[in-house]
Structures are given as C-alpha cells and as structure tokens.
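Below is one structure; the comments refer to it alone.
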Amino acid sequence: MKAVVYRGERDVRVEDVEDPTIDAPTDAIIRITTSAICGSDLHMYEGRTGAEPGIVFGHENMGVVEEVGAGVSDLKKGDRVVLPFNVACGFCRNCENNKTGFCLNVNEGFAGGAYGYVSMGPWRGGQAEYLKVPFADFNALRLPEGEEHEHDFAMLADIFPTGYHATELAGVGPGDTVAVYGAGPVGQMAAYSARLRGASEIYVVDKVEERLRLAEEHSGAIPVNFAEVDAPEFILDATDGGTDTGIDAVGYQAQKPDGEDEVPAMILNNLVTSTRATGRLGVVGLYVPSDPGAPTEEAANGRLLFDIGTFFEKGLKMGTGQADVKAHNRQLRDLIIAGRAEPSFVVSKRVPLEEAPDAYARFDKREDGYTKVVLDP
Ligand code: NAD
Ligand code: ZN
C-alpha cells in the first residue's frame, strides 16, 4: 500500500510499504478515508527530533473497519470510526482513570502511545491506505454510517479534543475571559471550545492574519497580532489586570515577532504576565524534556527559563500534557451530530495522499490556505 514515509529533514515521500496485518487478536485493520497533517508532525518533519527515517507519519485518522481479530467483540467490518491519536490499552491504572494519554502498556516511557510518532511506541501512522489499530474495541470511536461530517469527525482524532482539553486544564467556565496563544489548528480548537464552554471574551494571539481572522469569525475571538503589539501587555490592559484563564497552543517553538529566533519559554512567560492573579493555565503546546542535545541552549535548559517566581506570587495554577482524547471525543462527536459544533471550519485543504510532500512543505511555511490539511488516500 501507499504511505507517507519520513526520509529526513523536510523530506517526506509517498512510498510502497507492507500492508498491515492482524498480529494480536485485539487488533483491527482500518481502511483510511481521511488522515490529517498536524503541527505535531512538523516537529519530526523539521528534523528537530530523533525520528528515524522510515517512520510512517499520521496520528489523526479515520476510516472504515476492514478486518478485525478474533478478540475484537464490539467493532465489526464496515463500521465507520475515528481513532483517538493516543494508543491506549484501556485497563492500566491511567486508562482506568480516563488518562489515556499516559497509558502504561503501549510505550516504554511515560509519554503514552501514538500512531506514527517518535518516542510514542512502535505504532505505525495512518497517512496511508490502511492502519493497524491495537486494542481496537477501546481505541476506536464509532461514527454514524455514510459520508456526512467527514472533516468534522476527522478533527476528533486530535485537535478538537486537544483544544477542548486545554480549556479543561485551564478550567474555562461560563463568563470567564481567556487568552489563547497560537492560532494554529490547536489554538483554533481551543478558542472554539472556550466559546462552547461559555467564555465571555476570548483573545487569540498569532501573527498569521489568515489564522487570526479564522478565530475571529468562528470563535468570536479578539485577534491580537504579536508582530504589531506586545501581546501580553495588550491583553493585560484590555482586561484590567489579566484574563481568568490562559492557554498555550504554541509550545517550545515560539517565535519572536521577526520569526528568526525561537524562545522556548516565551509563551509560558506571556501567560504568567497576561493572566490575573489566581488564574488558571492550560498548556497543550509541546515541550520537550531538558536535553543536552537540544538545538538551542535555551531548549537544552528549557525548564530553567520559566518565571516560576511570578507564577508563584500570582498564585496561578497550570495543567499540562498530551490530551486524553478518549475522555472527550464521545461528547464532542455528539455535539457534531447534534449540529452544535462544526470544527471542520479549520480544514482548508483536502489533497490526495500523493500530494502529501507538497502539502507538508506549505503547511510548514504556514502558507495561506494551508492552516489544516487533510489527506485522502
Ligand atoms: P502550528 O505550528 O500550526 O501552530 C502554532 C501557531 O503558533 C502558528 O500559527 C504560529 O504562527 C504561532 N506562534 C508562533 N510563535 C508564536 C508566539 N510567540 N505567540 C503566539 N503565537 C505564535 O501547530 P498546531 O497544530 O496548532 O499545534 C500547536 C502545538 O500543539 C504544537 O506544539 C503541537 O505539537 C501541540 N499539540 C499538542 C497536543 C497535545 O495533546 N497536547 C496535540 C496536538 C498538538
Ligand atoms: Zn495531531
């Protein structure tokens, strides 16, 4: 079958790879109908991780069940499903507590499992014609038959629940004010979720105009262009002392306004500035553990640069980590079915799998029209 294979820095190719097979009785094979490219894939694509050439990318997958193992009792051939990006067993201590992003049985570290991702276990990605899903009864969410809402449902694999998770970590409630740093796909979904949860004012910070406009239009956000104003100071002034809650949807690769340098702790420090005392923060942008081999000295010492003193003085709270997709995606699916959520507004392009290399390059440059790209195998 065809699949998107990582070959090195900014080099992905569509190649022939072996078809997946049922290896454990709890496996299922899914015929992929949509697989999205994610900002998280760019960490590997840009060569900033230890990803080995040969990895098949793709953790935002949906499709139709093609085949099930003898131990799969719930799913059956022909079921339409979306697959949470977390691979999880369903029965370890963390899965039992709904913390499927930290499953103890699918990976050696504590980072949990994911399809097609470095350091997240051996699971092949789904930017391909077929995907093997382990513990399939647990790791698939059933969808209504047919083709309706394809792109809405595709967003349930990662970014919609991840954006929602950010609002959950920050405890965004009715009437709260929120600052969302980053208007990429994850920031869009965080702002959208904040609106679903009844936030009164939502500030969204980025410098890509198209993305700021999207957040304004679909989430009622107040756009803040950090290339034009000092974003945290602007938000502080506009809210008379800071927002109740704040969200990091950028991570350690935060850029300065000129786009030249990355300042890994910038967003955390922005949040400390623009959140009111006793406020709450949700951090879903990616941070990597301190690593002497990291590309910049700041990244190598990342954990030292965060202003814990002001964080402490303001009595702020912070939640972090991979989203536990399973904890939210049934509920978010039902909002879509009921016509109360339409996360597909973020999808700007659908291209055949063969065009993945071009789509990666354009998404990486944050070109207009490439905010969220989905692949059609
Ligand atoms: P993206 O790269 O498309 O979006 C990041 C956005 O941040 C861009 O629009 C960029 O212009 C903006 N940005 C850069 N510097 C900034 C700054 N100083 N201030 C404000 N905005 C700035 O990626 P994405 O797909 O939206 O993902 C965002 C982050 O979320 C990534 O780090 C990704 O790995 C992470 N992520 C985490 C989870 C999770 O489970 N926690 C899931 C998916 C993605
Ligand atoms: Zn993703």
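Among the residues making up the stretch 120-148, none is without any contact (Cβ under 8 Å) to a residue 12 or more places away in the chain and touching a helix residue (DSSP H, G or I) at 6+ places or on another chain (Cβ under 8 Å).
Scanning the stretch 192-215 turns up no residue that is of a type in the set (Asp, Glu), part of a loop (DSSP other than H, G, I, E, B) and within 15 Å of ligand 1 (Cβ to nearest atom). Residue-level analysis places Thr278 among those that are more than 9 Å from ligand 1 (Cβ to nearest atom), assigned to a strand (DSSP E or B) and over 23 Å from the mean Cα position of the chain (by Cα). Do you know which of the residues in the stretch 137-147 that are farther than 18 Å from Ala36 by Cβ and not basic (Lys, Arg) is nearest to ligand 1 (Cβ to nearest atom)? The residue in question is Phe138.
Filtering the stretch 199-248 to residues that are surrounded by fewer than 24 Cβ atoms within 10 Å (Cβ to Cβ) and acidic (Asp, Glu) leaves Glu201, Glu209, Glu210, Glu216, Glu217, Glu228, Asp230, Glu233, Asp237, Asp240, Asp244.
Regarding the stretch 212-231, can at least one residue be identified that is within 18 Å of Phe306 (Cα to Cα), at pLDDT 95 or above and not assigned by TED's automatic domain parsing to the domain that holds Ala154? Checked against the condition, which is being within 18 Å of Phe306 (Cα to Cα), at pLDDT 95 or above and not assigned by TED's automatic domain parsing to the domain that holds Ala154, the stretch 212-231 yields at least one hit. Taking the criterion of being at pLDDT 95 or above and not in a loop (DSSP other than H, G, I, E, B), the residues of the stretch 308-328 that qualify are Thr310, Phe311, Phe312, Glu313, Lys317, Met318, Gly319, Thr320, Val325, Lys326, Ala327, His328.
Consider Glu60 carefully, then state whether it is more than 16 Å from ligand 2 (Cβ to nearest atom) and either assigned by TED's automatic domain parsing to the domain that holds Ala154 or under 20 Å from the mean Cα position of the chain (by Cα) (or both). Against the criterion (more than 16 Å from ligand 2 (Cβ to nearest atom) and either assigned by TED's automatic domain parsing to the domain that holds Ala154 or under 20 Å from the mean Cα position of the chain (by Cα) (or both)), Glu60 does not qualify.
Scanning the stretch 40-68 for residues that are closer than 23 Å to Pro25 by Cβ, away from ligand 1 (no atom under 16 Å from the Cβ) and crowded, with 20+ Cβ neighbours inside 10 Å gives Gly63, Val65, Val68.
Can you name every residue in the stretch 173-191 that is part of a loop (DSSP other than H, G, I, E, B) and within 11 Å of ligand 1 (Cβ to nearest atom)? Scanning the stretch 173-191 gives Gly182, Ala183, Gly184. Of the residues making up the stretch 160-172, those that are part of a helix (DSSP H, G or I), more than 6 Å from ligand 1 (Cβ to nearest atom) and surrounded by 24 or more Cβ atoms within 10 Å (Cβ to Cβ) are Phe160, Pro161, Gly163, Tyr164, His165, Ala166, Thr167. Please state which one of Arg330, Arg340 is surrounded by fewer than 16 Cβ atoms within 10 Å (Cβ to Cβ), within 23 Å of Val87 (Cβ to Cβ) and over 16 Å from the mean Cα position of the chain (by Cα). Residue meeting the stated conditions: Arg330.
The values are calculated or read from the model by the stated rules, or taken from the named source; none is laboratory data. Just so it is clear, the model here is predicted, and its values are computed rather than measured. Cβ coordinates were reconstructed from backbone atoms using ideal geometry, including for glycine residues, and neighbour counts include every protein chain displayed.
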